[in-house]
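First up is the structure itself, then whatever we jot down about it.
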Amino acid sequence: MREYRTILQFMRANKWRYVFGIFALLFVDAANLLVPQVLRKFADWAQFGELTLERTGQAALAIFLLGLAVAAGRYFWRVYIFGTARRLEYWLRDKLFKKYLRLDDSFFNQQRTGDLMAHVTNDVLMVRNSMGGGIIMIVDAVFMTLFTVIMMIYTVGFATAMVSLLALPFITVVVFSMSKPLQRRSRDVQDTFSELTTEVQENISGINSIKAFGIEENRSESFEKINKKYQEKNMAMLRMSALFDPLIQFISGAALVIFILYGIKRMSSGSLSLGDFVAVLNYLRMMVWPLIAIGMVVNSFQRGIAAMGRINEILAAEPKVKEAASPSKISKHGADDQALKIEFRDVCFRYADNLPWVLKGVSFTLEDNESLAILGRTGSGKSTILNLLLRRYDVTSGQILLNGVDVRDASFEELYGKIAFVEQESFMFSRTIAGNIAFSSDDNYDPETVKKAAEFSRVASDIEAMPEQYRTWVGERGVTLSGGQKQRLAIARAYYQDAQVLVLDDSLSAVDTNTEKDILNHLEELERGLIIVSQRVSTVQRSDQILVLEDGVISQRGTHSALLEDRDGFYARLHQRQLLESELREDGGEV
Amino acid sequence: MAQTNYKHLDDQDVKAKKPDRKSLKRLYSYATPYYKQFIVILCLIILSVGMTLIQPRLIQLLIDNNISILVNPASSQSEQALAASGATRTALLYLATVAIAFVTAYGQAYMLQNSGQKILRTIRQELYDHILKLPMTFFDHYPQGSLVTRVTNDTETINEMFTSVLTTVFRSFITLIGIVAIMYSMDARLATYVLILTPGVIIISVVFRRAIRKIYFAQRRVLSMINTKLSENISGMRTIQVFHRQKQVSEEFDEINQKYLDLSSREVQYYATYRPFIEIVRSLGIAGLIWFGGRSHLDGIITFGILYAFIDYIQRFFQPILELAETFNIIQSAMTSSNRIFHLMDQKVEDIGGKVAVPESGLRGKIEFKNVCFAYNEDEWILKDVSFTVQPGDFVAFVGATGAGKSTIMHLLCRFYDIDQGQILIDDIDIKDYDLKQLREAIGVVQQDVFLYSGSVMSNISLNRPEVSDADVREAARIVNADSFIDKLPHRYEQDVMERGGTLSSGQRQLLSFARTIAAKPSLLILDEATANIDTETELLIQDAINKMASNRSMIAVAHRISTIANADKIIVMHKGRISEQGTREELLAQDGLFKVLYKLQYEEY
């Protein structure tokens, strides 16, 4: 139960709700326990011929009032206990999501999205159930059992009470011993279900192989095997779960028979009245649920504890990259407080001590409003430079300085406000086009600037051709954007930030040559700092400074014309090759 | 255009229509083979409900005939003894009903589940088999995810309908009828009084169900919004952080989370109102019974036992009504699911082709494209007036930039799609006239994406095709040089491979794919070569395999590596959907055209 310490804070804040809820529950239990007593009295009056019209009325009224009391109590415990469990669900979900927002790449690279989602949905639900239904079960299991036994003893004495309760504990035994295997079997069913899903998924995505080889039948047989297994696993579970109700009915029926057989003897001796008999019949029926609850409560909390454990693990995770506690200001006060100078000083980086170096002593300076390009093969470390600048990771050694301030001392707000990033694989959110460009909630943006941004990245005409233009919904079931459109939208998004430096991580790869030229022109006219990473010479050639990166080391640096002079250098050879390629693309066919 | 509009099929929100008679009929047609079982199930239900309903009546008899004597001090010794033995008999009879109810209830549940699961399995299988037979154009337009949902989740919804709904509906109706019958047999006036309460319970339940259904519907929508937000925010976390939008994203999430809490609280609130309401009606019923019954008892019209039995029956009377109300929801969503499933089953399967059989000896291998035009989507022409001929036994290679239309030519030869204009002939017969299955069997295709099934190397090469023997598999592996690496695997041909598994390198997968194609000894070979990173050694093996494969049949290949097609009889250069150059390698190199550029690009490494 230590796992639950995480929610102590919530429990404390809501303690009156719990207290009140449990009190209402106890009130309901007590009212319920009185009903058999009314019936008992009524039966006894009837037996001894003492029943009068007035007493009949009293009994009827008592039953109705007790019913009202139960109803009122039920309303309150449901609202207070179940309602609070729902608040707990909200609270935990919120806490987890806020935690995710604080964690960094090093965390997300090690986790599967599906698992992270499951914590926020399924695990939270399991905790909710243990703190809702689970609490009810505990209270009922403890108090209901105890009070019913006491009431039975009060009604018919210790011996008779004990004899008639002889069979009932088997209910708990049955429930308890069935809950584990049932859970296992239902997990088997779920596992087979995901096997089935995988099979369907795989084969549908490989449908053209299936058609080409004409192996529809073979695939159908393969599916049949899993389909059959799924049926069997379902049956294995159902065989057992179908036993649950009938078995409990059987046990409680048997308890009743034991009581009758024992009671017959005591009736003839006069120590058991008709009223006692009627009352015990009712108590025996009332005992069934608390005894089931005893059997279930352990399991429910075990699941809750497991879920809580997984949640705690997430809540305990810490980002590797942390914002400075008392950040230094990057902006200089004075005439030009927007200017931003970026400097890499002998930066080295590796992901972990036992992994190879990704960057080995990278140094460069980007003056305000200058442009810098980084060129290199895949895996040469280009993107890593940007990742370090944007503090996705921190340098292993060396320093990155913004206006002389170490990037690790800057506040996130200032850092990300000064640098706008266009990712390699631009991510679009399910909101409107405008909402994606402004990266804000869907109507909280300046339409003029959004339009300007779209024009800047040459995506405006694409957007205007869409049915709802800037209000077109992007997302799973909205328009599907091409790779080039996504990249251009991402550039528009970065432009909208109005940052001092724009950083493009190979973000023009899916854009055609002419559009690329236009965008590069716009970038130049913008007169802001620019860092551009690419594999294409055509993209980088106009930059003030070009760095060629090979295996984490800057192998060449200079302007386009300077770099071309080294005819055997990486840069010149790549240039040559890309010229050939463009020749193929542009004037090939129409021979 | 050859394509139909499939988009409307994927309407996730197919409105919960009124139970569609046709779907319902169709659904039950799956149950008809099990009618005998269902008759037995029905009998068992009647028996088990009967046993349960008899129990209060037994208690009544016990009270009136035995206990009243036993507890009466005025009754004589012999009367007492008689009553005691009668009571014992009744108790044992009660035990018998409990035992029979146990056996029949379990038997009934078991049999129903058993038949239900079998029915579901049949539906699932039929649906899946149907999907496999649908034409390629269908798969291009219908989202894969939805297809998976149809086969898995939608059938699962129907499962619930078969298992929980059927039992509940049967049991509840029989229970209601049973109770009414027993009550009237005991005392018509009290029975009528209980019946009068029924509309109240029904109205409360119906009103509540309507309200709660709306909440559930909204909840599901908000929950899927939560899931979407979660999934995209986790995937796009980098973007969020780099743009420093945590606060805004957090607020947006909170808004949905809050909305869910509101709906959740309303759900709790509704239940918290509904259950007590029923409770009040119930206690009103019992209080009324005591009042009216007590008066009847005072007047000597009914015994105390009967009054007690009525109190018992009234409590059992409400349960089935509540349960019936609950099943209504499940029936509705099952209807929606079956509508979707049957809609999919009604999609036309792929054309099975014409009547011309491929000769025993296989195709000679003459291929002719005559002015072929083709577009996957309207007005986006992929092939524009393409004509060429491949002579039997020739090896023809297609080269060109990505998107030039090379792979499309391969797709058309297999009749994955039908062309819009022109004609494709194999051995001078239009491919539309061939029996499709035979045609595809005669044409061996090596595809770009090698798809491995979970299973052994053996089964991945044979694909369990009846015409492929184990010896054929080994022979094929030998021809394509795959045997050397297979022999090195710990379990050799019995080694398990997994889709996306890292057991095999991409070169090895490519060789397996060759073997798979060759194993059925196709008379015509299509090679859609993969560009994956292959080491030099494997590349030599592949090249050798290609030459061997091309030696005794026609072969056309899409090549990304010019090295692999060095021995081609003819090279056709595609550019933007047209043929721009053709000839042997030497001829083309001499031409100084597009091919030469491609050639230089591949051989001059940077």
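The values are calculated or read from the model by the stated rules, or taken from the named source; none is laboratory data. Just so it is clear, the structure is predicted and the values come from calculations on it, not from any experiment. Positions of Cβ are generated from backbone atoms using ideal geometry, with glycine treated the same way; all protein chains shown enter the neighbour counts. Surface accessibility is based on the protein's heavy atoms, side chains included, excluding ligands, DNA and RNA. Shrake-Rupley method; radii C 1.70, N 1.55, O 1.52, S 1.80 Å.
Only one residue in B:Ser523, B:Ser563 is at pLDDT 80 or above and either in contact with a helix residue (DSSP H, G or I) (Cβ under 9 Å, 6 or more places away or on another chain) or open to solvent by less than 10 Å² (accessible area, probe 1.4 Å) (or both). Which one?
Checking each option against the conditions leaves just B:Ser523.
Evaluate the following for A:Ala212: is it in contact with a strand residue (DSSP E or B) (Cβ under 8 Å, 6 or more places away or on another chain) and within 7 Å of chain B (Cβ to nearest Cβ)?
The answer is yes for A:Ala212.
Name every residue in region B:232-257 that is open to solvent by 60 Å² or more (accessible area, probe 1.4 Å) and more than 7 Å from every other protein chain (Cβ to nearest Cβ), in order of residue number.
Within region B:232-257, B:Lys247, B:Glu251, B:Glu255 qualify.
May I ask you to list the residues in region B:68-82 that are in a helix (DSSP H, G or I) and either open to solvent by 50 Å² or more (accessible area, probe 1.4 Å) or more than 8 Å from every other protein chain (Cβ to nearest Cβ) (or both)? Spell out how you get there, then give the answer.
Within region B:68-82, the subset in a helix (DSSP H, G or I) is B:68-70, B:77-82.
Answer for region B:68-82, where residues must be in a helix (DSSP H, G or I) and either open to solvent by 50 Å² or more (accessible area, probe 1.4 Å) or more than 8 Å from every other protein chain (Cβ to nearest Cβ) (or both): B:Ser68, B:Ile69, B:Gln77, B:Ser78, B:Glu79, B:Ala81, B:Leu82.
Under the condition of being more than 19 Å from A:Val362 (Cβ to Cβ) and within 14 Å of another protein chain (Cβ to nearest Cβ), which residue from region A:402-414 is surrounded by the fewest Cβ atoms within 10 Å (Cβ to Cβ)?
A:Glu413
Among the residues of region B:343-359, is there at least one that is part of a helix (DSSP H, G or I), in the same structural domain as B:Pro135 (by TED's automatic domain parsing) and open to solvent by less than 40 Å² (accessible area, probe 1.4 Å)?
yes
Just one of the numbered conditions (1) among the hydrophobic types (A, V, I, L, M, F, W, C); (2) open to solvent by less than 40 Å² (accessible area, probe 1.4 Å); (3) facing chain B (nearest Cβ under 8 Å); (4) under 47 Å from the mean Cα position of the chain (by Cα) is not true of A:Trp77; which one?
Only one criterion is unmet by A:Trp77, namely (3).
Does B:Ser164 meet the test of being out of contact with any strand residue (DSSP E or B) (no Cβ under 8 Å at 6 or more places or on another chain), at the interface with chain A (Cβ under 8 Å from one of its Cβ atoms), assigned to a helix (DSSP H, G or I) and open to solvent by 30 Å² or more (accessible area, probe 1.4 Å)?
So B:Ser164 does not fit the description; no.
Which pairs do you get when a residue that is modelled with pLDDT under 80, found in region B:143-154, comes within reach of a residue that is open to solvent by less than 10 Å² (accessible area, probe 1.4 Å) and assigned to a helix (DSSP H, G or I), reach meaning Cβ atoms under 6 angstrom, with the pair 6+ apart or on two chains?
Taking only residues 6 or more apart or on different chains, the pairs are B:Gln144/A:Ile204.
Whether any residue in region B:107-115 is facing another protein chain (nearest Cβ under 7 Å), open to solvent by 10 Å² or more (accessible area, probe 1.4 Å), more than 16 Å from A:Asn227 (Cα to Cα) and in a helix (DSSP H, G or I) is what I want to check.
yes
Of the numbered conditions (1) assigned to a helix (DSSP H, G or I); (2) closer than 24 Å to A:Gly379 by Cα; (3) in contact (Cβ under 8 Å) with a residue 12 or more places away in the chain, A:Arg573 fails exactly one; give the number of that condition.
Only one criterion in (1) assigned to a helix (DSSP H, G or I); (2) closer than 24 Å to A:Gly379 by Cα; (3) in contact (Cβ under 8 Å) with a residue 12 or more places away in the chain is unmet by A:Arg573, namely (3).
For region B:131-145, which positions are crowded, with 18+ Cβ neighbours inside 10 Å and more than 10 Å from chain A (Cβ to nearest Cβ)?
Hit for region B:131-145 is B:Thr137, nothing else.
Any residue at all in region A:271-286 that's open to solvent by 20 Å² or more (accessible area, probe 1.4 Å) and within 13 Å of A:Thr145 (Cβ to Cβ)?
Yes, because at least one residue in region A:271-286 is open to solvent by 20 Å² or more (accessible area, probe 1.4 Å) and within 13 Å of A:Thr145 (Cβ to Cβ).
Do you know which of the residues in region B:453-474 that are farther than 22 Å from A:Gln201 by Cα, open to solvent by 70 Å² or more (accessible area, probe 1.4 Å) and within 11 Å of another protein chain (Cβ to nearest Cβ) is nearest to the chain's Cα centre (by Cα)?
B:Pro466
Identify all residues within region B:264-301 that are more than 7 Å from every other protein chain (Cβ to nearest Cβ) and either β-branched (Val, Ile, Thr) or not in a helix (DSSP H, G or I) (or both); write none if there are none.
Hits for region B:264-301 are B:Ile278, B:Val281, B:Asp299, B:Gly300, B:Ile301.
Which residue out of B:Asp420, B:Asp428 is farther than 17 Å from B:Ser513 by Cα and touching a Lys or Arg at 6+ places or on another chain (Cβ under 9 Å)?
Checking each option against the conditions leaves just B:Asp428.
As an exercise: evaluate B:Pro392 against (1) surrounded by fewer than 18 Cβ atoms within 10 Å (Cβ to Cβ); (2) free of Cβ contacts under 8 Å to residues at least 40 places away in the same chain and give the number of the one condition it does not meet.
Of (1) surrounded by fewer than 18 Cβ atoms within 10 Å (Cβ to Cβ); (2) free of Cβ contacts under 8 Å to residues at least 40 places away in the same chain, only one is false for B:Pro392: (2).
In region A:173-185, is there at least one residue being part of a loop (DSSP other than H, G, I, E, B) and farther than 30 Å from B:Arg121 by Cβ?
no
Say whether the condition of being of a type in the set (Val, Ile, Thr) and closer than 30 Å to A:Glu464 by Cβ is met by at least one residue in region A:386-405.
Pass one, region A:386-405, residues of a type in the set (Val, Ile, Thr): A:395-396, A:400, A:405.
When the remaining residues are screened for being closer than 30 Å to A:Glu464 by Cβ, the result is none.
No - not one qualifying residue is present in region A:386-405.
Report, by residue number, each residue of region A:246-278 that is more than 8 Å from chain B (Cβ to nearest Cβ) and of a type in the set (Lys, Arg).
Taking region A:246-278 and keeping what is more than 8 Å from chain B (Cβ to nearest Cβ), we get A:248, A:251-252, A:255, A:258-259, A:262-263, A:266, A:269, A:271, A:275-276.
Listed by number, the list holds a single entry, A:Arg266.
For A:Glu318, are the conditions met, namely being under 30 Å from A:Arg128 (Cα atoms) and in a helix (DSSP H, G or I)?
In short, no.
Of all the residues that make up region B:573-601, how many are of a type outside the set (A, V, I, L, M) and either within 12 Å of B:Gly400 (Cα to Cα) or facing another protein chain (nearest Cβ under 7 Å) (or both)?
Residues meeting the conditions: 12.
Within region B:146-161, which residues are open to solvent by 40 Å² or more (accessible area, probe 1.4 Å) and either facing chain A (nearest Cβ under 10 Å) or among the polar types (S, T, N, Q) (or both)? Steps first, please.
Going residue by residue through region B:146-161, those that are open to solvent by 40 Å² or more (accessible area, probe 1.4 Å) are B:153, B:156, B:160.
Within region B:146-161, B:Asn153, B:Glu156 qualify.
Please verify whether B:Ala101 is buried (at least 21 other Cβ atoms within 10 Å of the Cβ) and modelled with pLDDT under 90, treating the condition exactly as stated.
no
So A:Leu51 fits all but one of (1) of a type outside the set (Lys, Arg); (2) at pLDDT 85 or above; (3) over 30 Å from A:Val321 (Cα atoms); what number is the exception?
Going through (1) of a type outside the set (Lys, Arg); (2) at pLDDT 85 or above; (3) over 30 Å from A:Val321 (Cα atoms) one by one, A:Leu51 breaks only (2).
So, of the residues in region A:218-245 that are under 32 Å from the mean Cα position of the chain (by Cα), of a type in the set (S, T, N, Q) and facing another protein chain (nearest Cβ under 7 Å), which turns out to be nearest to B:Tyr453 (Cα to Cα)?
Ranking the candidates gives A:Asn227 first.
Scan region A:359-401 residue by residue and report those that are of a type in the set (Gly, Ala, Ser), assigned to a loop (DSSP other than H, G, I, E, B) and open to solvent by 10 Å² or more (accessible area, probe 1.4 Å).
Hit for region A:359-401 is A:Gly379, nothing else.
Listed residues B:Ala357, B:Ala309; which is among the small types (Gly, Ala, Ser), in contact (Cβ under 8 Å) with a residue 60 or more places away in the chain and within 30 Å of B:Asp129 (Cβ to Cβ)?
Among B:Ala357, B:Ala309, only B:Ala357 is among the small types (Gly, Ala, Ser), in contact (Cβ under 8 Å) with a residue 60 or more places away in the chain and within 30 Å of B:Asp129 (Cβ to Cβ).
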